[in-house]
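The values are calculated or read from the model by the stated rules, or taken from the named source; none is laboratory data. These figures come from a predicted structure and were not determined experimentally. In this analysis, Cβ positions are derived from the backbone assuming ideal geometry, glycine residues included, and neighbour counts consider all displayed protein chains.
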Amino acid sequence: MSQVRVGSAKLVEGSRPRSCVRHGNAVADGSDVDLQSRPQHDMSPTFGGVFSILVRTADHLQDIERVPVQGWPFCELCVRRRRRLRRAAQALFFGGVVLVVAAVVVALQRGQEPLLMIPMLVGVAAALGSGFVFGQSSWSHIASARVSDDGRWVTFADAHPAFLAEMRSASED
Ligand SMILES: [Zn+2]
């Protein structure tokens, strides 16, 4: 596993790799995705949830660099990982909301009990944490890809040797 930097133009227009960047598996049909730059914030996991919700909303207003790539080879493992993360994010979010609502309903019926703070806080934390998990499910994260701030390069942090070999032979052409 090693890091590799590829020109964005080459990814958009050039020949597409056939091997999954993370796992090296050959992929017949790729997916059309946007690889993205990331906001310049160092966030602790605690704030990650709140933050990624805000950041994602702001992404559409801000100048996050995007590189649209057609037919990117995500293998079955990558697709499954994304699906799992999305499901986990959904479960966290709805589970958190249900906990909070349930705690509020009980509080309304029985009056405020200090113990009800626990499900409430857990619920809020879960709902916020879901934003972080959801962020991890983006195609950029799945590919360990990061677009440079000027949008000219894409860095793959965890490239498989098979992917590297393909990239290398493509640049020798
Ligand atoms: Zn893969």
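Listing for the model above:
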{"item": "In segment 12-32, the residues that are modelled with pLDDT under 90 and either within 13 Å of ARG146 (Cα to Cα) or assigned to a strand (DSSP E or B) (or both)", "result": "SER31, ASP32"}
{"item": "Count - residues of segment 151-173 that are charged (D, E, K, R) and either in contact with a Cys (Cβ under 9 Å, 6 or more places away or on another chain) or modelled with pLDDT of 90 or more (or both)", "result": "1"}
{"item": "Breaking point among (1) within 30 Å of GLY14 (Cβ to Cβ); (2) outside any loop (DSSP other than H, G, I, E, B), for PHE74", "result": "(2)"}
{"item": "Scope segment 8-27; condition away from the ligand (no atom under 11 Å from the Cβ) and among the hydrophobic types (A, V, I, L, M, F, W, C); matching residues", "result": "ALA9, LEU11, VAL12"}
{"item": "Filter result for the condition that a residue is surrounded by fewer than 19 Cβ atoms within 10 Å (Cβ to Cβ) and either under 16 Å from the mean Cα position of the chain (by Cα) or at pLDDT 95 or above (or both), over ASP63, ASP59", "result": "ASP59"}
{"item": "Subset tally (residues that are outside any helix (DSSP H, G or I) and either within 12 Å of the chain's Cα centre (by Cα) or within 13 Å of the ligand (Cβ to nearest atom) (or both)) for segment 125-153", "result": "6"}
{"item": "Tally of residues being under 15 Å from GLN36 (Cα atoms) and of a type in the set (A, V, I, L, M) across segment 104-145", "result": "3"}
{"item": "Selection count, segment 94-140, where residues are within 18 Å of ARG81 (Cα to Cα) and either among the aromatic types (Phe, Trp, Tyr) or surrounded by 19 or more Cβ atoms within 10 Å (Cβ to Cβ) (or both)", "result": "10"}
{"item": "Check on PHE156, aromatic (Phe, Trp, Tyr), crowded, with 17+ Cβ neighbours inside 10 Å and part of a helix (DSSP H, G or I)", "result": "no"}
